[in-house]
Amino acid sequence: MTDQIQKAISREYEAGFTSSIESNTFEPGLDEEVIARLSAIKGEPQWMLDWRLKAFASWKKMPEPHWAHIDYPKIDFQAISYYSSPKSMDDKPKSLDEIDPELLATYEKLGIPLLEQQMLAGVAVDAVFDSVSVVTTFREKLKEAGVIFCSISEAIKEYPELVQKYLGSVVPRTDNYYAALNSAVFTDGSFVYVPKGVRCPMELSTYFRINEQNTGQFERTLVIADEGSHVSYLEGCSAPQRDENQLHAAVVELVALDDAQIKYSTVQNWYPGDEQGRGGIYNFVTKRAMCHKNAKVSWTQVETGSAITWKYPSCILRGDNSVGEFYSVALTRGRQQADTGTKMIHLGKNTRSTIISKGISAAQSNNSYRGLVKMMPTAEGARNYTQCDSLLIGDQCGAHTFPYIESRNPTAIVEHEATTSKVSDDQLFLCQQRGINSEKAVSMIVNGFCKEVFKQLPMEFAVEAGKLLEISLEGSVG
Amino acid sequence: MLSIKNLKASIAGKTILKGLDLTVNPGEVHAIMGPNGSGKSTLGYVLSGREAYIVEEGSILFEGVDLLTMGIEERALAGLFLAFQYPLEIPGVSNLEFLKAAVDAQREARGEPLMSSKEFLNAAREACKAVRLPTEFLKRGVNEGFSGGEKKRNDILQMLMLQPKLCILDETDSGLDIDALKLVADCVNSQRDAKRSFVVVTHYQRLLDYLKPDYVHVLSEGKIIKSGGPSLASELEEQGYAWLDRQPGEEKSL
Ligand SMILES: Nc1ncnc2c1ncn2[C@@H]1O[C@H](COP(=O)(O)OP(=O)(O)OP(=O)(O)O)[C@@H](O)[C@H]1O
Ligand SMILES: [Mg+2]
């Protein structure tokens, strides 16, 4: 393919700066003692430590999975540090005024102002820096509505009944290799509880940032929407540019009780590594939602970062008439590899699921969609619609789709459509002949391709996501 | 405006243009006719700077500037416009978005302020009216699922919006119904002024009847073998191209 395209898809990673913040970081290594130390630092109750140790015991016995369409050197789990916290967090700040200004500056630089008066109106933010949640904004306002939005560490101490009841209820400790590892060593993450019948008055958002070298980030997010409640949640991620690979193994559990609705959006921009494939985040994530009667869960994701992404946000449609949706844009460039998709498990009657996946591959990257639609014998009248589109930019990249369909109920209907298209020289020529430069042209074509997914994102973030794709595709043009 | 001297150009190692000369002055309309495969579209692509086409010899000056040192966009921004024989599709990118990006780029290059959304939308609606495309076409993907004639009209719409200095229309009349042909001719005529020039590639006299070109050229095997006034078109219409081959000595009566 032409130089034009090559040029248009090369760029710098804009969130790749490091912050000089003093931190307390564990020596690399993982054993029971490390877990006990981590749990003690966080002042966790005994039940939590026991839970972690059980997870660790299972993890040790599990083989590392290698079925995904990705390729990477073996990870040395003993070479990773399992806890890092900015030093200024040792006495946790009570308010934003007490937060290390360098830390606030880091978030400013990322375009996430934490100072409440400057924030996007109507968005509450929880920021997780390395292993620790540094700040949760708008808590008071949320509390008035009865909504709990805090770090999972706090929730473990302050709302132990809720945490004990739901933690691991959707993604069990032993679910898979990375989920087990996360269960043993997770350091922080966000916790949300929306009470019965409440519409959360604002968007909730968590921002994850890995800063320290050789640290893993293992966050754990638990969102519980009680009967008839509504909540919209967004997470964003970035990391500095480093030559070593860093591991990110998160678990997100969503519980949508009867008639509840959860919209969970992710804009993932972890450092993808350089053109030669050095460095970058290994992103191994387990995200799953349990949908009770008439409940609805939408996963929307825009994935542009990470060296390796292994991620399948899923819905278990247990309750009758429950609805699961998955809207995904995954962009890979350089030597990035993504294996992502979803699982829709239909158990209840008349359950419905929609999957719209848009994969964009550029340069020498590989982008795979892997989706499972499972209709259980009880899923009377269930329906799924899957649309899986791939866009290739250049001719050295790859797009692969692995749709798995298992239907054990004859009344269930499963539809699958797939397309592959290419940003062609012809299209670029047409744009350029009209005076549009090739970078703008590629970004217009890519944005057009993603439209269906972007319109699912909350307004402000749809704009962000569009920009992120532009940054990702353009040779450092903002 | 445009001065082409001894142009030799090839594609995929095959020489197509074999020493072509053409001079277009501001305000002139030149028609180019000629058998299939003679290099008419190639000329348009070479002028627009399309990458696969290699210029081996000769020179092209556009408003006194060496066109061959300029990139595709640069030429477009300098006012060179090509309407395609086979217009291309860009699914997913709306016509409106595409037009806005193009108009913005042109204005930016000329150091003019960008049009407001409202101004732009009004201009786009006017242009739709002129080529008789319903305004809904602005929302559709660029040429996505357009009929052949609609695509051609869409190219003219782009021309109206961009106000180029030199318009190369490659068989814009092919595939147009009789009314649309008249419409396109009217659009072109409405754009004619002392500063704007047109190079119109066509196989049929009908368009030329409406356009009344200043010159008609016959391009054959990569060279202009005959040039004349509008009457040349009617001769060709009656007799075809074969008689020209038998009288190579008669070329350049201009
Ligand atoms: N990629 C290519 N490889 C080889 N030959 C090519 C290529 N592209 C064009 N040609 C040849 O170049 C010659 C000129 O083509 P061109 O499209 O310029 O003709 P034309 O005069 O526009 O014909 P028409 O009247 O049919 O539109 C043709 O013989 C064509 O086959
Ligand atoms: Mg042609």
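Things worth noting here:
- Average partner coverage of B:73-84, which counts Cβ from other chains inside 10 Å: 4
- At R0 = 51 Å, FRET efficiency that the Cβ-Cβ distance of B:Asp179 and A:Leu372 yields, to 0.05: 0.40
- The slack in the chain from A:Met62 to A:Asp258, taken as 0.36 nm per residue of separation less the alpha-carbon distance, amounts to 67.1 nm.
- Inter-chain Cβ neighbour average for residues A:420-433, partner chain, 10 Å: 6
- Note, ³J(HN,Hα) from phi for the stretch A:193-205, Karplus 6.51, -1.76, 1.60, rounded to Hz, x at Gly and Pro: 10, 10, x, 3, x, 8, 9, 4, x, 8, 5, 9, 8
- Ordering B:56-66, A:178-188, A:49-59, A:288-298 by mean Cβ neighbour count within 10 Å, with the highest value first, yields A:178-188, A:288-298, A:49-59, B:56-66.
- Amide H to amide H, with H built 1.01 Å from N, A:Ser424 comes under 5 Å of no residue 5 or more places away or on another chain.
- Alpha-carbon Debye profile of the stretch B:146-249, log10 I(q)/I(0) at 0.21, 0.24 Å⁻¹: -1.15, -1.36
- Using the Cβ of A:Pro201 as centre and a radius below 9 Å, the other residues enclosed give a net charge of +1, where K and R count +1 and D and E count -1.
- Taking Lys and Arg as +1 and Asp and Glu as -1, the other residues whose beta-carbon sits under 11 Å from that of A:Val171 total +2.
- Global form of the stretch B:118-192, assessed from the alpha-carbon gyration tensor, a/c cut-off 1.5: oblate
- Listed peptides A:437-445, B:222-230, B:235-243 by packing density, highest first (mean Cβ within 10 Å): A:437-445, B:222-230, B:235-243
- Cα gyration tensor shape of the stretch B:7-74, rounded if a/c is under 1.5, else prolate or oblate by comparing a/b with b/c: oblate
- Karplus-derived 3J(HN,Hα), 6.51/-1.76/1.60, for each residue of the stretch B:74-86, Hz, glycine and proline x: 4, 5, 4, 6, 7, x, 9, 10, 10, 8, 7, 4, 10
- Subset of A:Lys141/A:Lys287; A:Lys165/A:Lys451; B:Lys40/B:Lys165 violating a 30 Å alpha-carbon distance limit: A:Lys165/A:Lys451
- Inter-label distance for A:Thr420 and A:Asp76, nm, one decimal - labels placed 7 Å from Cα along Cα-to-Cβ: 3.8
- For A:Lys263, the residues whose amide H sits under 5 Å from its own are A:Val231, A:Ser232, A:Tyr233, A:Ser298, ignoring neighbours fewer than 5 places away on the same chain, with H placed 1.01 Å from N.
- In this simple spin-label model, placing a label point 7 Å from the Cα along the Cα-to-Cβ direction at both A:Glu452 and B:Asp209 gives a separation of 4.8 nm.
- For B:Lys129, a cut-off of 19 angstrom between C-alpha atoms picks up these lysines, skipping any fewer than 8 places away in its own chain: B:Lys100, B:Lys118, B:Lys139, B:Lys151, B:Lys152, B:Lys182.
- Taking amide hydrogens as placed 1.01 Å from N in the peptide plane, the amide H of A:Ser314 sits under 5 Å from those of A:Lys287, A:Arg288, A:Ala289, A:Lys343, each at least 5 positions away in sequence or on another chain.
- FRET efficiency for B:Asp66 and B:Lys139, using Cβ-Cβ distance with R0 set to 41 Å, rounded to 0.05: 0.50
- For the stretch A:367-373, 3J(HN,Hα) per residue [Karplus equation, 6.51 cos²θ - 1.76 cosθ + 1.60, θ = phi - 60°, Hz, x = Gly/Pro]: 10, 10, 9, 10, x, 10, 10
- Neighbouring partner chain Cβ atoms per residue of B:91-104, average, 10 Å criterion: 5
- Summing Lys and Arg as +1 and Asp and Glu as -1 over all other residues whose Cβ lies under 15 Å from the Cβ of A:Thr420 gives a net charge of -1.
- Under the span-like rule (Cα at least 18 Å along the axis, Kyte-Doolittle mean at least 0.5), DSSP H helices of chain B: B:178-191
- Taking a ≥ b ≥ c as the square roots of the Cα gyration tensor eigenvalues, the stretch B:35-176 comes out oblate, since a/c reaches at least 1.5 and a/b does not exceed b/c.
- Distance-filtered residues of the stretch B:142-170 - backbone nitrogen under 18 Å, label point 7 angstrom along B:Arg107 Cα→Cβ: B:158-165
No value in this document is a laboratory result; all are computed from the given coordinates. Note that the structure is a prediction, hence the values are computed from the model and not measured. Ideal geometry is used to build each Cβ from the backbone, glycine not excepted, and the neighbour counts take in all protein chains shown.
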